[in-house]
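**Q** Before anything else, here's the structure in question.
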Amino acid sequence: SFGADAAVIAPLAIDDLRASEIVPFFHREITAMIESSNREMPIFLYDNADIVASGNIPHIPTRIVKELSRLPWLRGIKVSASRSVIGNYTRAAMHYKLPGEFGIYIGNAQLIFEIYRSGHGLLGRLRDGWRDFLLHDATPIGVVSGPGNVMPREWQKAWRVCWAGDEESMNLYHHLCGEFDRICTFDEGGRRVTKMIAGLKYALELDGVIRASRVLPGSGVLTAEQKSVFVERYQQLRDSIASAVPARWQTVSP
C-alpha cells in the first residue's frame, strides 16, 4: 500500500517520455500501480514549462489532459502558465468530470490577484467577461505558491480573500506576497537576477525550518553579500507583515 495521501506527476519532465506516449504510460504504468494497492491514491498532474525535459513541448496538450481526466483517480492539475492555458485545461476536464471533480490549481501564484478581482464599470465588466470566457466559466479551486513554503499562513489568507472577492484585503496581500519575489532579486553586473529557490531555502534556514540552504548547481546561489542583503530585506518584510496582518494569519517560525 502507499504511505502518501496523494501524488503529483509531471509527465513532460520525464526524460524518456514524449507527449504522444503520455496517455499509454498512464494506462499501462500508473493504472497498474494504483490498482495493485489496497486503496486508491489520488494523482495530480503538474504542468510547468520550467521543468520540461529537453526536447519536450512546454505544456501538456489539451487533448491529452482531456483523455487523462477520464481516469477516476486523476483529480486535478497544477498549472504554471497563463490564463489561456489554464482555461484550456478547464475546458478539457469538463468533458469527463463533473464540476469540482477535477481541480485546477494555479502555479503562477500572483495570478490569483488578477483572476478573482472583480472589474468595475463597462471596461471592468468586459474584462470579467473575457476572463470567464478564457476559463470557460470554471474558476480554479486552489493555488500552489513557492513563497507559500515560507509564508504559508499569509498565502492561505491571500487565497481566502481572493476567493471571497475582498478587494481591500486583496490589495494588502498582493503587496505583501509579492514582496518575497522582490527580496529575492539582485543586481549582478547591471542585470536583474531573481534567485527564488536560493531565497526560499535561505529564508527557511533563517526561520529554523531547515538546517542548510544548499541548492543544486545551476539553481542560482546567493553570494555572501546577497545573503546579508536578503537578511535585511526579509526582516523588513516580516516587520511589515507583523504590523499589517492579524496575528492568526502570520507564519510563526519553529
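The values are calculated or read from the model by the stated rules, or taken from the named source; none is laboratory data. Keep in mind that this is a model prediction, so the values were computed, not measured. All Cβ positions, glycine included, derive from the backbone under ideal geometry; neighbour counts span all protein chains shown. Surface areas here come from the heavy atoms of the whole protein model, side chains and all, with no ligands, DNA or RNA. Shrake-Rupley method; radii C 1.70, N 1.55, O 1.52, S 1.80 Å.
**Q** As an exercise: evaluate W73 against (1) surrounded by fewer than 19 Cβ atoms within 10 Å (Cβ to Cβ); (2) in contact with a Ser or Thr (Cβ under 7 Å, 6 or more places away or on another chain); (3) of a type in the set (A, V, I, L, M, F, W, C) and give the number of the one condition it does not meet.
**A** (2)
Yes/no matrix, rows are residues, columns are (1) acidic (D, E); (2) part of a loop (DSSP other than H, G, I, E, B); (3) touching a strand residue (DSSP E or B) at 6+ places or on another chain (Cβ under 8 Å); (4) modelled with pLDDT of 90 or more:
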| position | (1), (2), (3), (4) |
| --- | --- |
| A4 | no, yes, no, no |
| V8 | no, no, yes, yes |
| I22 | no, no, no, yes |
| F25 | no, no, no, yes |
| L45 | no, no, yes, yes |
| H59 | no, yes, yes, yes |
| I64 | no, no, no, yes |
| P99 | no, yes, no, no |
| E114 | yes, no, no, no |
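**Q** What number of residues within the range 174-192 are at pLDDT below 95, over 21 Å from G142 (Cα atoms) and open to solvent by less than 60 Å² (accessible area, probe 1.4 Å)?
**A** The qualifying residues number 1.
**Q** Oh, and also: What number of residues within the range 199-240 are within 22 Å of the chain's Cα centre (by Cα) and in contact (Cβ under 8 Å) with a residue 60 or more places away in the chain?
**A** Residues flagged as within 22 Å of the chain's Cα centre (by Cα) and in contact (Cβ under 8 Å) with a residue 60 or more places away in the chain within the range 199-240 amount to 1.
**Q** Also, I was wondering about something else. Collect the residues in the range 213-238 that are open to solvent by 90 Å² or more (accessible area, probe 1.4 Å) and under 16 Å from G178 (Cα atoms), keeping them in residue-number order.
**A** Result: Q235, Q236.
**Q** Further question on the same structure: Given the conditions (1) at pLDDT 70 or above; (2) outside any helix (DSSP H, G or I); (3) in contact with a Ser or Thr (Cβ under 6 Å, 6 or more places away or on another chain), report the number of the one that A92 does not fulfil.
**A** Every condition holds for A92 apart from (2).
**Q** If you don't mind, another one. Checking the condition open to solvent by less than 30 Å² (accessible area, probe 1.4 Å) and β-branched (V, I, T), which residue from I197, I210, I141, I241 passes? So that I can check it myself, show each step before the final result.
**A** Values: I197 fails: open to solvent by less than 30 Å² (accessible area, probe 1.4 Å); I210 fails: open to solvent by less than 30 Å² (accessible area, probe 1.4 Å); I141 fails: open to solvent by less than 30 Å² (accessible area, probe 1.4 Å).
I241 is the lone residue from the list that is open to solvent by less than 30 Å² (accessible area, probe 1.4 Å) and β-branched (V, I, T).
**Q** Considering (1) open to solvent by less than 60 Å² (accessible area, probe 1.4 Å); (2) not basic (K, R); (3) not in a strand (DSSP E or B), say which one N171 fails and leave the rest.
**A** Single failed check for N171: (1).
**Q** Right, next: Out of curiosity, is I22 over 17 Å from P140 (Cα atoms) and in contact with a helix residue (DSSP H, G or I) (Cβ under 6 Å, 6 or more places away or on another chain)?
**A** Values: over 17 Å from P140 (Cα atoms): yes; in contact with a helix residue (DSSP H, G or I) (Cβ under 6 Å, 6 or more places away or on another chain): yes.
In short, yes.
**Q** While we're here: Those residues that are crowded, with 23+ Cβ neighbours inside 10 Å and within 14 Å of the chain's Cα centre (by Cα), I need them from the range 76-103; list them, please.
**A** G76, I77, V79, I86 - these are the residues of the range 76-103 that are crowded, with 23+ Cβ neighbours inside 10 Å and within 14 Å of the chain's Cα centre (by Cα).
**Q** Mind checking whether some residue in the range 27-39 is on the phi > 0 side of the Ramachandran plot, among the small types (G, A, S) and open to solvent by 50 Å² or more (accessible area, probe 1.4 Å)?
**A** no
**Q** Okay, moving on. What tally of residues in the range 150-168 results from selecting those that are without any contact (Cβ under 8 Å) to a residue 12 or more places away in the chain, in a helix (DSSP H, G or I) and of a type in the set (D, E, K, R)?
**A** Quick first cut of the range 150-168, residues without any contact (Cβ under 8 Å) to a residue 12 or more places away in the chain only: 160, 164, 166, 168.
Filter once more, keeping what is in a helix (DSSP H, G or I): 160, 164, 168.
This time we only want the ones that are of a type in the set (D, E, K, R), so: 160, 168.
So the count comes out to 2.
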